[in-house]
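The values are calculated or read from the model by the stated rules, or taken from the named source; none is laboratory data. This one's a predicted model, so the numbers in the text were calculated from it and none came from an experiment. Cβ placement follows ideal geometry from the backbone for every residue including glycine, while neighbour counts extend to all protein chains displayed. Please note that ligands, DNA and RNA were not included when accessible areas were found on the heavy atoms of the full protein model with its side chains. Shrake-Rupley method; radii C 1.70, N 1.55, O 1.52, S 1.80 Å.
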Amino acid sequence: MLGQKAFEKIEQAKDRLVDISLKMWNHPEGPYREYKASEWIAEYLREEGFSVEVGVSGVPIAIKATWGSGSPAIGLLGEIDALPGLS
C-alpha cells in the first residue's frame, strides 16, 4: 500500500504526539510566548533523530529541524499559539 511506512510511523508515534498535544492544550501560550511548546516539540524531534536548532532567525521559539540530505526537501510551518476565545 502506498504510504504504508508513513502510516506505521504515525501509529507508533501516536501516543507521544497526543501527549504533546494535550500538554499544549492544558498549558496554552500566546503568540511569541510558546516556550514550553517549542521545548516539547524540539525534544521530540531530537529523540526521533533530527538535528534541531531553536531560536532560528532571531525568534527564540522558532525551530529548525533537519534530517538527512539531498532530495526531496520538505518544509513544514506550524502555528501553535493559543488564541483567546477559540476553544
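Quick look at the numbers
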{"read-out": "Contacts under 7 angstrom Cβ, first residue in region 24-53 being closer than 13 Å to Ala82 by Cβ and free of Cβ contacts under 8 Å to residues at least 24 places away in the same chain, partner open to solvent by 60 Å² or more (accessible area, probe 1.4 Å) and of a type in the set (Val, Ile, Thr), 6 or more apart", "value": "none"}
{"read-out": "Counted residues, region 1-59 - those being loosely packed, with under 11 Cβ neighbours inside 10 Å and part of a strand (DSSP E or B)", "value": "0"}
